[in-house]
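Scroll down for the structure; my scribbles are underneath it.
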Amino acid sequence: MDKSGADRGFEVARLPGFATTAIIVFVALYLPIFTLVAYSFNASTSLAVWGGFSLDWYAKAWDNQQVKDATVRSLIIASFAAVIATTVATMAALGTTRRRAFKGQTFIYVMINQPLMVPEIVTAVALMIVFGLIKVWLTSVGMGALTTGLGYLILAHSAFCIPFAYLPIRARLEGMDLTLETAAADLYATPWQTFHRVTLPLLAPGMIAGAMLAFVISLDDVVITEFVKSGGQDTLPTYMLGQMRRQLTPEINAVSTMLLGLTVVLLTAFFLLTRKKT
Amino acid sequence: MSPAEQSAVTSSARNGWLLSAPALTVLIFAAAGPLLIVLVYSFLSPGQHGNVVWEFSTDGWVSILWSKDIFSDEWALADAHLAIFWRSLWLSLMTTAFTFIVGFPTAWFIATRPPKERALWLFLITIPFWTNLLIRTYAINEVLRKEGLMNTVLMGLGITDTPVEVLYTQTAIFIGMTYVYLPLMVLPLFAAIDRFDMKLLEAGYDLYASRMQVLRRVILPIVKPGIIAGSILVFVPSLGAYVTPRVLGGGKQMMIGNFIELQFLQGKNWPLGAALSMLLLVIVMVALLVYVRYANNGSSHG
């Protein structure tokens, strides 16, 4: 398209009030978040009055053992869930792309995307029931020791992280050049060598991107964790949800801001990582 | 097909299944399989203190709409339940409509930016989309509270003398859901508008159409698949919302998601909770099937 054409297109595409609405939407989208972040630096105890800049609430949050425990728990669960989800999603992506369509492939797609379709609250109560039954059974066969621990939360998180890990990996695989692998095979590389030395390094950015999305999704989960966790297994989001019933202090803002910061860093990295390939 | 080719196809399919098996195992065990148990539970009898008794009963399903009188044992229409369903449906529809009204101009604005700027505007919409839903809901809570930003501004401008109490009302849930689900409307709308050929607008104006006519007769019909995708992406999570009504509705303004929780965590009636979960799942699946059918029809036409 030449320049004059583009310019004319722009004039034509202008609709009255649209740009104003859009700007209001962007302001409305960010203003509440900025307010939340700003009040985390408030020296006053009240959320209502601005008492000057202070890092007190960060220090308080840092000293709060519950916050510390919840943070560590969140990070452990998210790391395990991201690694498990990325591993099985990579295998599934290798199994469902770059080969002739086979019987049952649709079933596999539906299964992988299923966590995106089912309302979270439904999965949450379903897991609460099933894990409850398993725990009762384990106790009855004398393996009560296995009824505690983070394994249940890690399993639940791994499952709903799979579609998020799968999508970027599959996109990467579909965009990959087959000739390199063919060349490796022509040079007498075994299928394993080809995979290990050629496919895997090419796939790595997709896997890292998938793992980061899975990590963020696991870190943010409230509903499923709230129903699956046993007593004293609060993650950062469920701890915050519990606190919101009580007297609110800017400490919650400080915790939110830290979580927000971590998410934004990961997302920006994801954004740069996936953009680089084009 | 030669026998060799045939065996290659078979082994390719087998490898496909083998490679997908670990993911399928995790998903069947911790996502899809448990849903079947919920279905079973919806046909059992409630236990004394929560949980279930293994006796077949359809009471769980019947109590979705009717409740049994504790004295006369007669079933009567449960007004409280109907109020919750009606609220869920109404708030979800309102949220869908309003996110469209403000989301369409936003998507249009992004799609008509110069290509270099476009990625940045899109990124700005995507960040809230990936940001913790609880944090965003809490941010809205802070804005709406009695001493919050909204009231400070309203009273500062002299629009009102007494703080407007919006928090813990349906309006608060509506504002919160619109806020948290807006990116889900903007992203598919943007995808549809991005493919829209702006030359059609010139054609429309050349034929003396007004802006309103061009919008209604040219733009909206063509971006319809994006409108439907966005509406379903907003409607489905709104209907099953749990966090937003809990934080902004303050426990009084329940939606289906909170009603389900009430049946389980307060140990009141697990079969009813299970039946409600299944009902919610069916509604969501129907909405998605309608979308898939529509999307397929749409693509075959052009």
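Each of B:254, A:244, B:185 has some number of other Cβ atoms within 10 Å of its Cβ, and from fewest to most they run A:244, B:254, B:185. Across chain B, Cα-Cα pairs more than 24 Å apart make up 67 percent of the total. Please find, in a Gaussian network model of chain A (springs between Cα atoms separated by less than 10 Å), the residue of A:258, A:207, A:111 whose mean-square fluctuation is greatest. Of A:258, A:207, A:111, the most mobile in the Gaussian network model is A:111. Across chain B, the longest piece that holds none of the GluC sites (Glu not before Pro) lying in DSSP loops with up to 14 other C-beta atoms within 10 Å covers B:166-302.
Quick one: pull the percentage of alpha-carbon pairs in chain A with a separation above 36 Å. Here the tail beyond 36 Å accounts for 36 percent of pairs.
Peptide B:242-249 is shielded by partner chain Cβ atoms: per residue, an average of 3 of them sit within 10 Å of its Cβ.
Between A:81, A:184, A:156, which gets the highest mean-square fluctuation from a Gaussian network model of chain A, Cα cutoff 10 Å? Taking springs between Cα atoms under 10 Å, the residue moving most is A:184. Using a ≥ b ≥ c from the Cα gyration tensor of the stretch B:147-255 (square roots of the eigenvalues), is it rounded, prolate or oblate, where a/c under 1.5 gives rounded and otherwise the larger of a/b and b/c decides, a/b for prolate? It comes out oblate by the Cα gyration axes.
Shielding by partners for peptide B:144-150, expressed as the average number of C-beta atoms from other protein chains within 10 Å of each residue's C-beta, is 3.
The mean sequence separation of alpha-carbon pairs under 8 Å and at least six residues apart, normalised by the residue count of the stretch B:45-122, gives a relative contact order of 13 percent. Its Cα centre serving as origin, the stretch B:8-81 has a Cβ charge dipole (Lys and Arg +1, Asp and Glu -1) of approximately 660 debye. Counting other Cβ atoms within 10 Å as a rough exposure proxy, the listed residues B:12, B:210 run B:210, B:12 from fewest neighbours to most.
Checking every one of the trypsin sites (Lys or Arg not before Pro) in the stretch A:190-278 against DSSP loop status and a limit of 16 other Cβ atoms within 10 Å picks out A:245, A:246, A:277.
The residues A:208, B:159, when put in order of fewest to most other Cβ atoms within 10 Å, stand as B:159, A:208. With a 10 Å cut-off around each Cβ of A:69-79, the average count of Cβ atoms from other chains is 0. Structure remark: mean-square fluctuation, Gaussian network model of chain B, C-alpha springs under 10 Å; the largest value among B:28, B:283, B:125 belongs to B:28.
A DSSP coil position with no more than 16 other Cβ atoms inside 10 Å describes the following chymotrypsin sites (Phe, Trp or Tyr not before Pro) in the stretch B:194-231: B:208. Summary value for chain B: 26 percent relative contact order, contacts being C-alpha pairs under 8 angstrom separated by 6+ residues. Relative to one another, the C-alpha centroids of the stretch A:139-213 and the stretch B:56-126 are positioned 35 Å apart.
Within the protein assembly as shown, the percentage of alpha carbon pairs spaced more than 35 angstrom apart rounds to 45%.
Value of Rg to Rh for the stretch B:199-302, rounded to two decimals, is 1.22; Kirkwood radius and Rg both from alpha-carbon coordinates. Relative to the 2.2 N^0.38 Å rule of thumb, the stretch A:87-210 has a C-alpha radius of gyration ratio of 1.39.
Read-outs: derived from the displayed coordinates by stated rules, not from any lab. On a predicted model such as this, the values are computed, not experimentally measured, just so you know. Positions of Cβ are generated from backbone atoms using ideal geometry, with glycine treated the same way; all protein chains shown enter the neighbour counts.
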